[in-house]
Amino acid sequence: MHIRSLIILAFSFIFTACTVVPQAQYKQITKPEDMAGMSDSFYLQASSISVTASSETQKAVGPQANEPADKVSIVSKPIEYKGFRMGIQPVDTWRSTTTINITKMDNLDLFSSADIQITDNTVKVITEAGGALVAISKLAAGLANASQCTTPISYDLDYSGAPNPMSEVLSDPNNCVKVTLGPVPPDAIPAPKLPKDTTRNFYYSACRDATVEVNFGKKIGTAKAIVKVSDPRYLQFVRMPLKGSISAHGSCGISVKSENAVTDSDAAIVNALATETKALLDAVTPTKK
């Protein structure tokens, strides 16, 4: 191919490339060596069910107490899931630089929030790295009567059993708390299938509805509530914004906040392409005497 055509084709490839987006890679961390190339890591989030008496006096609730079961507070709280630690690494390309700054929950190795920003290097690359042409050319080629069930109760959900994406029943060793998990969200994937390729997605423990029943025996009754819990055996994802933040919810789930991102405009790219194309063509065109 004529050198002029090659130059024009290469710059056309640059201009028609996809819009720059933030990208990252993930890896399950099982040993120190797995952190090679990763910038940070955190445990996937699991859930603990907390049961307390909701009255101002905070009386104990149970077979030996007089506090009724309808004055019980049932809350889902985030805890670390030690069975899956996830490493993350922002990925830079020749057109962009991704920055991900992660903040963790107080006193926990759990994701709390992340500030995300992408820097568009397109014009800078075109004007300062003419040598990239060579690389681009190559590129084109059951509850019992639980006598010990008195508040406060804390039950960390046990995810050691075989997962069931439709419904599951978990209970604490004392048979005080019964948790019936609802179906896994349709967009969730099993945690072992965490992608290893570069992606714009941010992965987190899947959210499931959970019906919690606390048995205080016949004298007091049963307290019941529906809460949201994190199941780290499954993953959901959100798209990372060009610029903005990702924040964890109290029980489970993620919120994305986007801000105005500054990227190189089409006009700026066209202007840079025109300038550099002319310079290269002048360099390879014999000067007329």
Sites D115 and M166 - FRET efficiency at Förster radius 30 Å, r taken between beta-carbons, to 0.05: 0.20
Net charge of Cβ neighbours under 14 Å - reference S154; Lys, Arg +1; Asp, Glu -1: -2
Would you mind computing, in nm to one decimal, how far apart the modelled labels at N175 and S73 are, each placed 7 Å from Cα along Cα→Cβ? 3.0 nm
Would you mind counting up the charge near I102? Only other residues with Cβ under 12 Å from its Cβ, with Lys and Arg at +1 and Asp and Glu at -1. -2
In the neighbourhood of F84 defined by beta carbon distances under 13 Å, the net charge of the other residues (Lys, Arg +1; Asp, Glu -1) is +1
Any of K178/K228; K82/K224; K77/K193; K27/K193; K31/K82 with alpha carbons more than 19 Å apart? Name them for me. K82/K224; K77/K193
With a Förster distance of 30 angstrom and the Cβ-Cβ distance between K228 and V91, calculated FRET efficiency to the nearest 0.05 equals 0.45
Would any residue of the range 173-205 have its amide N under 19 Å from a label point 7 Å out along Cα→Cβ of H249? List them or say none. 180-189, 202-205
With R₀ set to 25 angstrom, the calculated FRET efficiency between the beta-carbons of S258 and N101, to the nearest 0.05, is 0.95
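Throughout, read-outs are computed from the coordinates displayed, never taken from laboratory work. No experiment lies behind these values; they were computed from the predicted model shown. Because the Cβ atoms are built from the backbone with ideal geometry, glycine has one as well, and the counts that use them run over all protein chains shown.
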